[in-house]
Amino acid sequence: MTTTRPPRRPRAKSKARTDRQAAHRLSLLHSMLRIRRFEERCVELYSQARIRGFMHLYIGEEAVAVGTNEALTEDDAVVSTYREHGHALARGVPAEAVMAEMFGKVTGCSRGRGGSMHLFDAGRRFYGGNAIVGGGLPLAAGLALADRMAGRSRVTCCFFGDGAFAEGEFHETANLAALWELPLLLVCENNLYAMGTALERHQAQTDLALRAASYGMVSWAVDGMDVLAVEEAARRAAEGVRSGTGPHFLEMRTYRFRAHSMYDSDRYRDKAEIERWKERDPVDLLDTRLREQGKLDDATRTELEERVRADIDRAVAAAERAPEEPAGDLLKYVTSPVEEVARP
């Protein structure tokens, strides 16, 4: 007579749960499509000289911004990089405000003063893009320190690239965050190139998660082309940070399909390499998964595309109508207003 129990059969998912999961994944697809089409429209506008200045595209990396933001609350903070259009849109900054900022209009999220690299929305706790490589890291540590000192249960999420990993700001921030157990989520978007320099040409150890772990923080690598893997890892990391176990580090292994910036000739990468990575396009990966599950068809995909196009059309139209800042206000916000001090 055996005392071994037969294995339990896995519980079947309820229809309601399956439908909720499908609706959530369709929402993720919509968010990634919105970022992709927004940036493609920006390329058109830039080519027409309607958007000026520097512009760095996020095309190919959408899963990182969308998946990570799913793990954050409205009270959490986000600090970004100069490649931040996707982060801003995923955080909830309206497309109208982002597009107006690209146009340099006063209705932009930074009143037209920041442009592509300096999107900012304090109301949504989106503490901006930063033109300095790694410049957002110490700012994020400061936000996290303030929350810890005030006893607030918040997470500060800081995005940065593999190029910023080589900067002193990263190592100073990682050391202090681990030493002081700051509620900081460090998300490294490793797209394999620091501008035009391949990762293996500027880092002796290319496993960035392993190097981050040397500071005593929980660290692991994630498939940054799979939005579901990103969301799962980000939720796990955010829960760990929120529980008081100190900073966490996620190395999102991803790839940008476009050049470093609009001024970059992109001669440092083999075209075959780019095409290989495009086979793992995050939008297409989720699209395929949903179709295999019977949760997406051509009609639904067309509807999503039409919603996205209408949203972007409205943003462009609003930006074109918006006024520019009056010349008389150019010095406004440059310095803090002088307060009158009462004299005895």
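The values are calculated or read from the model by the stated rules, or taken from the named source; none is laboratory data. Keep in mind the model is a prediction, meaning the values are calculated, not measured. Note: ideal-geometry Cβ built from the backbone for every residue, glycine included; neighbour counts use all protein chains shown. When the accessible area is computed, the model is the full protein with side chains, heavy atoms only, and any ligands, DNA or RNA have been set aside. Shrake-Rupley method; radii C 1.70, N 1.55, O 1.52, S 1.80 Å.
Condition check for Arg301 on (1) open to solvent by 50 Å² or more (accessible area, probe 1.4 Å); (2) in a helix (DSSP H, G or I); (3) within 30 Å of Lys15 (Cα to Cα); (4) without any contact (Cβ under 8 Å) to a residue 60 or more places away in the chain: one failure, at (1). Restricting the stretch 231-265 to residues that are over 18 Å from Ala213 (Cα atoms) and within 15 Å of the chain's Cα centre (by Cα), the residue that is surrounded by the most Cβ atoms within 10 Å (Cβ to Cβ) is Thr254. Among the criteria (1) modelled with pLDDT of 95 or more; (2) more than 20 Å from Arg25 (Cα to Cα); (3) open to solvent by less than 40 Å² (accessible area, probe 1.4 Å), the one Asp313 does not fulfil is (3).
Taking the conditions (1) out of contact with any Ser or Thr (no Cβ under 6 Å at 6 or more places or on another chain); (2) open to solvent by less than 30 Å² (accessible area, probe 1.4 Å) in turn, Glu169 satisfies each one other than (2).
Within the stretch 181-217, the set of residues being part of a loop (DSSP other than H, G, I, E, B) and in contact with a Leu (Cβ under 7 Å, 6 or more places away or on another chain) comprises Leu182, Leu192, Thr206. Sort out which residues of the stretch 57-109 are under 13 Å from Ala319 (Cα atoms) and touching a Phe, Trp or Tyr at 6+ places or on another chain (Cβ under 8 Å), and write them in order of number. Within the stretch 57-109, Ala95, Val98, Met99, Cys109 meet the criteria.
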